[in-house]
Structures are given as C-alpha cells and as structure tokens.
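The values are calculated or read from the model by the stated rules, or taken from the named source; none is laboratory data. In this text, all values refer to a predicted model and were calculated from it rather than measured experimentally. Note that each Cβ is placed from the backbone with ideal geometry, even for glycine, and that neighbours are counted across all protein chains shown.
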Amino acid sequence: MIGPPETQIHSLIVTLNIEQLKYLYLNSEQFVRMPDTTNRIILFFLALVLLLCTSIINNEVAYYNKNNYTNAVKILIGIFMLSILSTNNIYNISIIILFFISIYFYIFHSKLNLDNLEKYYLASLLLIFIFPFIHSNYVSTSIQEVDNYTRFLIIIPIYLLVREVRIEKKFFLYLINISGIILGPISMFLYFDADIRIRGYTSTATIYGNISIIFFLLSIASVYYFKKYNYSYYVIPYIASLSSLISWGLSGSRSSIAPVLFILILMIFFRHFRKYLVSFLNKTGFIFLIFSIFILINSSSYQRFLNIYDDIYSVDSKNTHHWTQQDSIIPRLIIWDGSIEIIKDNYLVGVGLDNFNKSLDEQIRLNNIQPVRKDLNNPTAGLNHAHNQYLDIFAKAGIFGLAALIIFIYINYYFFVYHIRKSDDNLYSIFGLLVIISYSIFMLNHAVLSHHQSTIFMLLMLIFCAAQSKTTTTETVL
C-alpha cells in the first residue's frame with residue numbers, strides 16, 4: 001500500500017533498491033496508497049484482525065500500576081483541553097503521546113472485558129474508519145482525504161485505556177471550567193490581530209466558535225454540580241461560561257448558538273434537565289444573565305445575525321447580489337443546492353471523498369446552481385465540502401456513508417442516555433450527551449469530518465465521557 005499507483009514498488013523492495021525508494025518517497029505526490037484493490041482490502045482487514053488479536057495473547061506483564069496510567073491520562077487530557085484553542089500543536093502532541101501509551105496498555109494489559117453496549121459503541125467507531133477504505137474500491141479516493149477518518153481508529157485504544165482508570169469528578173469539573181476561563185482573555189488578545197472574526201489556531205472561525213460553545217455548555221452544567229458537591233469557588237463555572245461566551249462572540253459564528261437554544265428548550269420542558277436551569281434562579285444567576293445578554297449584543301456573532309435579515313427576502317433568488325453583500329447566507333444555500341443535485345445523480349455510492357469540488361463545478365457549468373464566487377476561473381471558491389456534514393458524506397459516499405454517520409450518532413445518544421438512566425448522578429453521561437447533541441446540530445452547518453481539529457476534539461470528548469460513564473455506572477452498581 002506504498003508507492004505511486006503507476007510504480008511496481010514490490011520489485012524495488014525485494015531487490016533492496018534503496019536509492020530508487022528514496023527518490024520515490026521524496027518526489028512522489030502520493031507515496032502511501034489506498035487499499036483500493038481486492039488483495040489490498042483483504043490484507044488491510046487481516047492487519048486489523050491481527051491488531052485485535054494482540055489484546056487476547058497471554059503475556060508476562062500481568063500486573064500494572066493503575067495510578068501511573070491514571071496520572072498520565074489526567075495530565076495529557078488536561079494539556080489537550082487547555083491547549084485546544086490556545087496553541088498550534090501542543091494539543092496534537094498530547095493526543096499522540098496518549099495514543100502510544102494506550103497502545104502499550106492495549107497490547108500488554110487490556111483484556112477486552114466489554115459489555116454488549118460498549119462493543120456496539122466501538123463498532124460504530126470502527127465502521128466510520130473502515131468505510132472510506134471499502135468505498136475506495138468503487139470510487140477512487142486519495143489517501144489524504146481519509147486522513148481524518150483514521151482518528152476513529154486511533155481513538156479506540158484510548159477509550160480502552162480511559163475506561164480502566166478513574167478520573168475524579170472534581171478534577172474534571174475544574175479542568176473544564178479552567179479551560180473555559182482562559183478562552184476569553186486569549187480570544188480578546190487574538191481579536192486585535194483579526195479582521196472581524198477570530199479563528200486562533202484553528203482552520204476556520206466556525207471551529208473556534210463551536211468548541212467555545214461546547215465549553216460554554218459544559219460550564220453551564222457545572223454550576224449544578226459545583227453547588228451539589230459544595231466545591232470551593234462556586235463562581236468559577238459562572239466566570240468560565242461568560243469567558244467561553246466572549247470567545248464564541250468574537251469568532252462571529254452564528255449557527256453554533258443553535259445547540260444552546262435546543263438545550264435551553266430541554267431544560268424548560270423536560271424535568272430531568274430542569275435542575276440545571278433551576279441552579280440559575282438566584283441573585284448570582286440574574287447577574288450572570290445580565291452579563292450574558294451584554295456580551296451577546298456586543299459580539300461579532302450578533303452583528304452577523306442582523307445581516308441575515310436582509311437575506312431572507314431574497315433567499316429564493318440566489319443570484320449575484322451575494323458577491324457584494326457582507327455575511328450573505330446565499331453562498332451556503334447555493335452549496336447545499338449543489339450538494340442535493342450531486343446526491344440526485346450519485347445517491348448510491350457518491351462521487352468520492354475528493355471529487356466534491358469537481359462535481360460542484362459541474363453543477364455550475366450545467367446551470368443547475370449559481371456560481372459560489374464571481375470568478376470564472378474559480379466559481380466554486382475551491383470548496384471541497386458541503387458545509388453540512390450530512391449532505392457532505394451523502395454526496396461523497398452515498399447512502400451507505402450517510403447511514404454509517406447516523407449509526408455513529410445514534411449509538412452515542414443511546415450510550416449516554418442508557419447510563420443516565422442507570423445512574424442519575426453520572427455527570428460524564430450528561431456531559432457526553434451535551435457534546436453529541438451539540439455536534440449533531442453543528443453538522444447541519446459544518447462539515448466536521450473535513451477538519452482535523454473538529455474531529456479530534458469531538459471524538460476525544462465523546463470517548464472520554466463514554467469511558468468514564470461506564471466506569472461510574474459500574475462503581476454505582478457494585
């Protein structure tokens with residue numbers, strides 16, 4: 001599975017032609033290849049089976065110090081949370097180190113004593129990882145386009161490690177809220193170097209806004225637990241929430257506020273969630289509300305909300321006006337229309353993970369949709385995703401790709417709701433549910449799986465909460 005497609009790499013390896021191999025590695029655009037033939041697919045699956053078998057092989061390292069693994073997880077998760085929006089690479093380094101530690105644990109200590117729900121949960125991760133490789137047998141795909149999907153595989157051993165350690169609620173709550181507190185000052189600092197919308201060390205302002213909203217929601221939920229467990233400095237989650245809201249507001253993101261509104265409705269109308277809203281029915285909560293409204297109406301996001309009003313009256317025309325109108329939503333609607341046209345013609349297997357831009361350009365040439373940009377040489381604005389995860393995977397991977405994504409989301413919902421019913425005090429299940437609700441809504445306006453930072457943050461938050469939910473439920477039952 002290495003070497004350019006047109007090169008017989010096998011003969012070079014057998015004859016130990018190091019110079020030619022070195023030349024190919026340095027000069028080839030695509031040295032690593034997709035397993036896009038039957039033989040390669042078989043070899044690929046055999047490698048996965050062997051990997052799974054390594055955990056059931058008896059070894060001499062039977063005893064291990066759980067405290068060492070617990071401390072490693074706490075330190076690395078802490079670094080990840082604190083650096084996800086404030087640094088360029090530190091969060092990546094922390095997750096890579098955690099991955100290698102989890103691989104060691106998986107090989108030498110993990111016994112895979114999983115219950116059925118956990119097996120389904122991990123199978124949903126494995127399904128998302130495997131699908132692009134199977135799909136490449138039908139529609140040619142470059143290895144670069146499946147890169148983000150490999151995160152669904154590397155996160156599995158991390159889950160198997162995290163489920164074996166116990167992270168104290170107090171540590172996790174303080175970590176979430178301290179991470180939220182630092183977002184405000186960092187965002188205000190970055191704002192002076194940004195034009196209008198800050199994106200920090202992320203690839204888009206949307207990612208920055210989405211992650212900020214996650215910290216906002218988790219800090220809001222933390223208010224209840226800080227009071228319940230009488231933790232010191234109960235104002236910390238209030239400050240963290242406001243700081244995260246400032247961070248979101250400076251990103252100029254509009255759609256990421258949708259999960260907040262949806263969860264607010266859940267708090268109002270559903271008894272189980274109402275306790276989190278009741279925590280704000282006091283003097284401190286009233287002051288918090290005043291500050292929140294002040295931050296909202298003075299944010300970049302609020303100004304961009306106002307610009308939507310002018311688009312509503314012309315939403316059906318989708319003509320050239322959007323090229324001169326600031327913050328127009330028309331280009332997004334054009335891309336969605338184009339995605340639907342692509343799906344109509346390729347609903348079964350899609351157009352391939354790296355052919356979206358070409359297909360969108362074709363729809364423009366056929367006059368099925370208006371150009372996204374007023375540029376004859378680049379009418380698609382170079383876009384290779386649909387700005388909607390559901391439309392994006394449907395257009396690229398067909399109905400089966402969409403089904404794999406829906407299964408992944410459904411299993412996460414089911415997993416967290418199941419553990420909430422098992423233990424009403426399971427805050428990890430509540431936080432996990434908040435994360436999957438948020439990301440399933442984010443996906444309506446953001447191609448999450450097309451961006452590394454979105455993908456890795458979503459997955460780590462989900463598997464961490466899932467693993468600790470399982471641990472908490474097991475301890476409650478025992």
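How many of the residues making up the stretch 295-310 are of a type outside the set (S, T, Y), at pLDDT 80 or above and either part of a helix (DSSP H, G or I) or within 25 Å of the chain's Cα centre (by Cα) (or both)? So the answer is 3. Against the test of being farther than 20 Å from M461 by Cβ and of a type outside the set (A, V, I, L, M, F, W, C), the options Y174, Y201, Y229, Y208 yield a single qualifying residue, Y229.
The listed residues are F291, F280, and the only one of them that is more than 21 Å from L434 (Cα to Cα), of a type in the set (A, V, I, L, M, F, W, C) and either in contact (Cβ under 8 Å) with a residue 24 or more places away in the chain or not in a helix (DSSP H, G or I) (or both) turns out to be F291. Taken over the stretch 125-164, the criterion of being surrounded by fewer than 21 Cβ atoms within 10 Å (Cβ to Cβ) and of a type in the set (S, T, Y) is satisfied by Y138, S140, S142, Y149, T150. When the residues of the stretch 246-294 are filtered to those that are of a type in the set (K, R) and at pLDDT below 90, the one that is nearest to the chain's Cα centre (by Cα) is R254.
Let's see how each residue does on (1) closer than 19 Å to Y91 by Cβ; (2) small (G, A, S); (3) touching a residue at least 12 places away in the same chain (Cβ under 8 Å):
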| residue | (1), (2), (3) |
| --- | --- |
| N384 | no, no, yes |
| N388 | no, no, yes |
| I393 | no, no, yes |
| S423 | no, yes, yes |
| G432 | no, yes, yes |
| S440 | no, yes, yes |
| T455 | yes, no, yes |
| F464 | yes, no, yes |
| T474 | no, no, no |
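Being more than 25 Å from the chain's Cα centre (by Cα) and not in a helix (DSSP H, G or I): is that true of N368 here? Taking the combined requirement at face value, the residue satisfies it.
Answer with yes or no whether L85 is buried (at least 19 other Cβ atoms within 10 Å of the Cβ), at pLDDT below 95 and not in a helix (DSSP H, G or I). If you could, list the steps in order and put the result at the bottom.
Working: buried (at least 19 other Cβ atoms within 10 Å of the Cβ): yes; at pLDDT below 95: yes; not in a helix (DSSP H, G or I): yes.
Yes.
Can you name every residue in the stretch 373-399 that is part of a loop (DSSP other than H, G, I, E, B), under 17 Å from N355 (Cα atoms) and aliphatic (A, V, I, L, M)?
Let us first name the residues in the stretch 373-399 that are part of a loop (DSSP other than H, G, I, E, B), namely 373-388.
If we keep only those that are under 17 Å from N355 (Cα atoms) as well, we get 378-388.
Those that are part of a loop (DSSP other than H, G, I, E, B), under 17 Å from N355 (Cα atoms) and aliphatic (A, V, I, L, M): A381, L383, A386.
Among the residues of the stretch 170-209, those that are charged (D, E, K, R) and either within 22 Å of the chain's Cα centre (by Cα) or surrounded by 19 or more Cβ atoms within 10 Å (Cβ to Cβ) (or both) comprise R197, R199.
Just to be sure before I move on: is S244 touching a helix residue (DSSP H, G or I) at 6+ places or on another chain (Cβ under 7 Å) and part of a loop (DSSP other than H, G, I, E, B) in the structure I sent? Steps first, answer last, please.
Values: touching a helix residue (DSSP H, G or I) at 6+ places or on another chain (Cβ under 7 Å): yes; part of a loop (DSSP other than H, G, I, E, B): no.
In short, no.
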